[in-house]
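Novice: Here's a structure for you.
The values are calculated or read from the model by the stated rules, or taken from the named source; none is laboratory data. Small disclaimer: the values here were computed from a predicted structure and weren't measured. Just so you know, the surface numbers come from the protein's heavy atoms only, side chains and all, with ligands and any DNA or RNA stripped out. Shrake-Rupley method; radii C 1.70, N 1.55, O 1.52, S 1.80 Å.
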Amino acid sequence: SLCGQEWSQCPGQTGKHEHRNKLSVCNKICYAVGGAPYQITGCALGFFLQIYLLDVAQLDPFYASIILFVGRAWDAVTDPTVGFLVSRSPWTRFGRMLPWVVLSTPLAVLSYFLIWFVPPFEEGKVIWYLFFYCIFQTLQTCFHVPYSALTMFISSEQKERDSATAYRMTVEVLGTVLGTAIQGQIVGMATAPCLPGPADIAAGLNSSLSVGLNASAPVISLDDTKTAYMIASGVICIIYVLCAIVLFFGVREKKGETLISPMGFFQGIKLVMGHGPYAKLVMVFLFTSLGFMLLEGNFALFCSSTLGFRNDFQNILLAIMLSATLAIPFWQWFLTRFGKKTAVCAGSLSVVPFMILVVCMKSNLIITYIVSFAAGVGVAAAFLLPWSMLPDVVDDFQVQNPDSTGHEALFYSFYVFFTKFASGVSLGISTLSLDFAGYISRGCSQPEEVAITLKVLVSAAPIGLILIGLVILYWYPITEERRQGNRKLLQELRDEADSETDSTELVNMI
């Protein structure tokens, strides 16, 4: 009886609770592997889809901009909707999040593969790419939103969740390297030669361009380039499936609070967006993501068209991603030492000088590699550190709204939505800007207006957006002291709930 009343103070109870919620290294690795498909496909699409639609599928820049924008804007419906549906999903013997991951994977990889297939017809080609791009975005949402919310269900210990998130950050950066390497290296070996434009012909450079660019290399046709894109997408699809299998069999989803407040979809939106810290964090992430997505989406074209590194741009992109991977341990230490808010600010600002330098210097391959490698250090922090702040916001919401539970998926779905929305807006605006500037598909040279536009898109515009995001971050209210206080309070509530459960079990045994 005494032990039943004071169970939380009985010897060994704390150790039992911690052991129950402790994750093994294998669990953390399997959980982290689940984040790779989103980063691999996202990196391949972000870096290469624009140049693929323009130079391989040979779509008009105006129609390419429509595909890129509408495909991402479609997530304005799918992300919050899937988040709402996930939050209302019943518990199964496999969990509440994992079934979404498994069931969405087969159709997701099929639609991804068809994005990189050039159909054998001209009329309807725009509809083809728009349809499969939207389908893939929807199915990937059905994978990534539940996966992101799974963070809250792998353990009730904040320390364990933070550790698993660190593993996830590392694997996701490795995923960006893998996506860049697979897509870039396979496609880079089969890049079709450029075509002299009107300005080149008028200047009598047709012959010299052809000789200079293609004489020493084997003849590569546009069909070879199309095949290379399909091979790369096939490899990525296989990795996508393998990662989903590892996640499903390697992670055990723990049954958390399944009692969901009886509210509708729009009430749920109002609830999560009405939480001040979350709204501020979302706006920070929106502006900084928009800036870095502009850089990501246009850097390949900038390297090939403006700097003239048509045959080296994929290696430059790989240097950025490798640098970002190597920087993850440093930023993890920095985050622990100085706090998450300071880490995001420092990481975002660290890439600004290199954005300025890359457009001001003359075309030099070695210097471009050095600048790109250095910029990757900041890219890692700016892309991934804001994700480490999201569990803190969810915990803060739970402390302030203890009677409103089961909305984790909604928080994560809007976060994912703003990432994709930023990508869609950036790619749509940039491709449309190139259309107005007079971009020439597969052109050996581009009008001066195109060079100016690309410099704005990879430097001035991203810097302005990042600075706006950091100004909003200044007013973000969850400090390290508040975060630790929330963590302590929630742990006390969980310990109390566990004590009551164990007390009940002991009484029943007696």
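Novice: Using a probe of 1.4 angstrom, how much of the accessible area of segment 302-369 is carbon and sulfur, in percent?
Specialist: Roughly 70 percent of what the probe reaches on segment 302-369 is carbon or sulfur.
Novice: Hey, any idea what % of segment 27-101's accessible area is carbon plus sulfur with a 1.4 Å probe?
Specialist: Working: 1550 of 2270 Å².
On segment 27-101, the fraction of accessible area on carbon and sulfur atoms equals 68 percent.
Novice: Which of the lysines could be linked to residue 254 by a straight reach, that is with a Cα gap under 19 Å, when you skip same-chain ones fewer than 8 residues away?
Specialist: Straight-line reach from residue 254, under 19 Å: 16, 22, 28, 159.
Novice: Between residue 365 and residue 310, 0.36 nm times their residue separation minus their Cα-Cα distance comes to what? Before the final figure, lay out the partial values.
Specialist: Details: separation 55, 0.36 × 55 = 19.80 nm, distance 1.11 nm.
So the chain would gain 18.7 nm between residue 365 and residue 310.
Novice: Let me ask something else. First obtain the Kirkwood hydrodynamic radius of segment 94-167 from its Cα pairs, then insert it into the Stokes-Einstein equation at 10 °C and 1.306 mPa s, and state the resulting D in µm² per second as a whole number.
Specialist: 111
Novice: If contacts are Cα pairs under 8 angstrom and at least 6 residues apart, what is the relative contact order of segment 95-159 in percent?
Specialist: Rounded, it is 51 percent for segment 95-159.
Novice: For each pair in 270/455; 226/455; 125/270, compute the distance between the two Cα atoms and list the pairs where it is over 31 Å.
Specialist: On the way: 270/455 39 Å; 226/455 28 Å; 125/270 39 Å.
Exceeds cut-off: 270/455; 125/270.
Novice: Okay, next question. When all C-alpha to C-alpha distances in segment 139-183 are sorted into bins of 5 Å, what percent of pairs does each bin hold, rounded to whole numbers?
Specialist: The calculated distribution, bin by bin, is 5, 19, 19, 23, 19, 9, 4, 1.
Novice: Quick one: which residues, 5+ away or cross-chain, put their amide H under 5 Å from the amide H of residue 476? H built at 1.01 Å from N.
Specialist: none
Novice: Collect residues whose amide H, placed 1.01 Å from N in the peptide plane, falls under 5 Å from the amide H of residue 443; neighbours closer than 5 in sequence don't count.
Specialist: 195
Novice: Counting only heavy atoms of protein chains, what accessible area per residue, in Å², does segment 51-183 have with a probe of 1.4 Å?
Specialist: Using a 1.4 Å probe on heavy atoms only, each residue of segment 51-183 averages 35 Å².
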